[in-house]
Amino acid sequence: MSSSPSLVPSDRERALGTGYGFSAYLLWGVLPLYFVWLKPTGPWEVVALRVLLSLVFCALLLTVMRGWGRMVAVLRNPRLALWTAVAGLLIYVNWQAFLIATQTGHVVESSLGYFINPITTVLLAVLVLHERVRPAQWAAIGIAAVAVIVIVVAYGSVPWISLILTASFGVYGLVKNRIGGAVDAVSGLALETMWLAPIAVVQLVVVAATTGLTYGQVSVGHTILLSLAGVATAIPLLLFAAGARRVSLTTVGLLQFIAPILQFLCGVVVLHEPMPVERWIGFAIVWVALVVLTVDMVRHARRSRRAVAEPIA
């Protein structure tokens, strides 16, 4: 009788976590369409506004949630403050590359970067954290490398956008891992955008002096959409943070494929980007690598659960 009530909250928490995670990756998956709708605003203006508006939105959240004390505590720790600055620079590179890709007809190529990202994460764990890699993980890394080579040789160009996106986001994830739970999601994004604010201001000045700013110059609807850039940045991150606390890493690993799949569909089905045979072959090889990695991840999680359950039994 006493065991059943304890299971209900756990199941409910897992369901909530899965829902939050799914919602986060769903929003990240359709984000390219939002940035396409922001034209004629260019990628440099969008990223600068995204930084500044995200900072404003986070400041409002910190005020409502009374979280300024947590943020100040991070600033008083030089090591943590430095890590948030590094994370900010990495996410700036990622945002800028993603905006350029989205607004220049390379959404499919950006999706490739996020398809490769789980494999990049494993590779970084080996090179930086010196973690042991299982044979199936090595196989996935090798297959992904073959996919990139096939795309370079057959398609005739290096997928620079994909490589920049997966490298910047992979290292960003590594930095966030080093920070751990010492910095909550809102304070983290607030600090990252705070360090980037001077860059964003300079960027807006350069855009204003060269091509001219479009904010408030196109239409009321366009201005409203552009003003929501901070909300569009923060909401998926907060949903992800809420979900990641409630579910296993295996569940998070499976959910993360939602975003690149939706980005791929946005590029091919909605935006009608070209998909020649060579590109299909490259993507197919990447998907094979992801299947190998996913099967290994699920099996390892099951073995770990059995290993924990047997002593208890």
query: So which helices (runs of 4 or more DSSP H) are wholly in the stretch 1-99 and hold at least 1 residues that are touching a Phe, Trp or Tyr at 6+ places or on another chain (Cβ under 7 Å) and not basic (Lys, Arg)?
result: 3-37, 43-64
- request: Provide a single number: the residues in the stretch 168-202 that are touching a residue at least 40 places away in the same chain (Cβ under 8 Å), closer than 18 Å to LEU55 by Cα and among the hydrophobic types (A, V, I, L, M, F, W, C).
  value: 13
field: Only listed residue being under 17 Å from TRP95 (Cα atoms) and buried (at least 16 other Cβ atoms within 10 Å of the Cβ), chosen from GLY188, GLY243
entry: GLY188
- line: Counting only residues that are charged (D, E, K, R), closer than 29 Å to ILE143 by Cα and outside any helix (DSSP H, G or I), the stretch 231-288 contains a total of 1
Extreme residue, modelled with the lowest pLDDT, among residues of the stretch 212-230 that are outside any helix (DSSP H, G or I) and among the small types (Gly, Ala, Ser): GLY216
- request: State yes or no: is ALA209 farther than 27 Å from LEU191 by Cα and either in a helix (DSSP H, G or I) or at pLDDT 90 or above (or both)?
  value: yes
query: Within the stretch 23-56, restricting attention to residues that are of a type in the set (Gly, Ala, Ser) and either surrounded by 23 or more Cβ atoms within 10 Å (Cβ to Cβ) or within 14 Å of ALA208 (Cα to Cα) (or both), which residue is modelled with the lowest pLDDT?
result: ALA24
- prompt: VAL158 versus (1) in contact with a Lys or Arg (Cβ under 6 Å, 6 or more places away or on another chain); (2) not in a helix (DSSP H, G or I): which is the lone unmet condition?
  reply: (1)
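The values are calculated or read from the model by the stated rules, or taken from the named source; none is laboratory data. All of these numbers come straight from a predicted model, not from anything done at the bench. Note: ideal-geometry Cβ built from the backbone for every residue, glycine included; neighbour counts use all protein chains shown.
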